[in-house]
Amino acid sequence: MALHIGIVACSAEGASLCYRTVCVEGAQLLGPHDHPEVSMHTHSLAGYMKCIDRDDWRGVGELMLSSAGKLEKSGADFLICPDNTCHQAMRFVEPVSPLPWLHIAKVVAAQAVERGFRRVGLTGTRWLVDSDVYPENLTARAVDYLRPSATERDEISRIIMDELVYGVFKPEAVAYFQRVIAKMKEQGCDAIVLGCTEIPLIITDENSSLPTLDSTRLLARAALRHAVR
């Protein structure tokens, strides 16, 4: 019997893509229309942003743990969080969590190694890209990384927070990401980490000059494999 997946959601678009991936791709492992049991809980994104804006990662962790407790009561066996930025709070979460977690950056780093990538570009909110969430997990697997410039980080973060989380997908945003990715390719990157769970809604292997590491779908697929192992 497959394990019950608990999704600790933060922003709606990324969590929705993660949920859809689990449900649709579950059929590849379990048969037509089948997938593991899934429960999801989210606090208001505004609650998370109040903590993030004041650099209160312990507060972010408390929100995640609140969701974790509700998901434990719903019967979940393990947890995932389809929000890269929130993983800065995992140091406050994992030691006291009622359930185990799959870590999104560990999943992405493992995929980078499996596909033979040696230097990856990072994209995501400025809080995520400025953090050690990906550098720690990539360097632990001997994968080098490159951050966008400060100006690029600000504009990518603006696109994410002002557009993508609201389901607004503009051609200008796609073009901006494509320019950043092309620049990273020129600087020696051989793949790009889509380190915000909304970015895969506008950037894919089809329109990127570098192979993509889609954190949203990779996490969902890792959860599926764990659930049916």
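The values are calculated or read from the model by the stated rules, or taken from the named source; none is laboratory data. Predicted model only: the values in this text are computed from it and were never measured. Note that each Cβ is placed from the backbone with ideal geometry, even for glycine, and that neighbours are counted across all protein chains shown. The protein model used for the area step is the full one, side chains on, heavy atoms only, and it has no ligands, DNA or RNA in it. Shrake-Rupley method; radii C 1.70, N 1.55, O 1.52, S 1.80 Å.
Search the structure for amide H atoms under 5 Å from the amide H of residue 145, placed 1.01 Å from N in the peptide plane, and list their residues when 5 or more places away or on another chain.
Excluding prolines and chain starts, which carry no amide H, the hits are 120.
Listed highest first by mean packing, meaning other Cβ atoms within 10 Å per residue, what order do 205-212, 10-17, 78-85 come in?
Highest-to-lowest ranking by the protection proxy: 78-85, 10-17, 205-212.
Sort 134, 166, 176 by accessible area with a 1.4 Å probe, largest first.
So, going from the largest accessible area down, we get 166, 176, 134.
How far apart, in nm, are the 7 Å Cα→Cβ label points at residue 113 and residue 170?
4.0
List residues of the range 95-120, by number, whose backbone nitrogen lies under 11 Å from a label position 7 Å along Cα→C-beta of residue 144.
Counting backbone N atoms under 11 Å from the label point, the list is 118-120.
Provide the FRET efficiency to the nearest 0.05 for the residue 56-residue 132 pair, computing r from the beta carbons and using R0 = 30 Å.
0.95
Kindly report the accessible area of the chain per residue (heavy atoms of protein chains, probe 1.4 Å, no ligands, DNA or RNA), in Å².
44
Could you tell me the relative contact order of the range 20-82? Use alpha-carbon pairs under 8 Å, at least six residues apart, and round to a whole percent.
The value is 26 percent.
Given a 1.4 Å probe and heavy atoms of the protein chains only, how would you sort 90, 1, largest accessible area at the top?
My answer, sorted largest first, is 1, 90.
Considering lysine pairs in the chain that are 8 or more places apart or on different chains, how many have Cα atoms under 24 Å apart?
4
Would you tell me the accessible area of residue 133, worked out with a 1.4 angstrom probe on the heavy atoms of the protein chains, in Å² to the nearest 10?
Only protein atoms counted, so the area is about 10 Å².
Just how much of residue 153 is accessible, in Å², when a 1.4 Å probe is used and the result is rounded to the nearest 10?
Surface accessible to solvent at residue 153 totals approximately 50 Å².
Return the whole-Å distance between the Cα centroid of the range 158-201 and the Cα centroid of the range 5-60.
Taking the Cα centre of each part, the range 158-201 and the range 5-60 sit 20 Å apart.
State the answer as a single residue: which of 192, 157, 202 lies farthest towards the positive end of the charge dipole of the range 104-229, with beta carbon charges of +1 for Lys and Arg and -1 for Asp and Glu, about the Cα centre.
Sorting the options by dipole projection puts first 192.
Could you work out what % of the accessible surface of the range 1-75 is carbon and sulfur, using a 1.4 angstrom probe and leaving DNA, RNA and ligands out of the count?
52
How large, in percent, is the carbon and sulfur part of the accessible surface of the range 84-229 at a probe radius of 1.4 Å?
That fraction is 49 percent.
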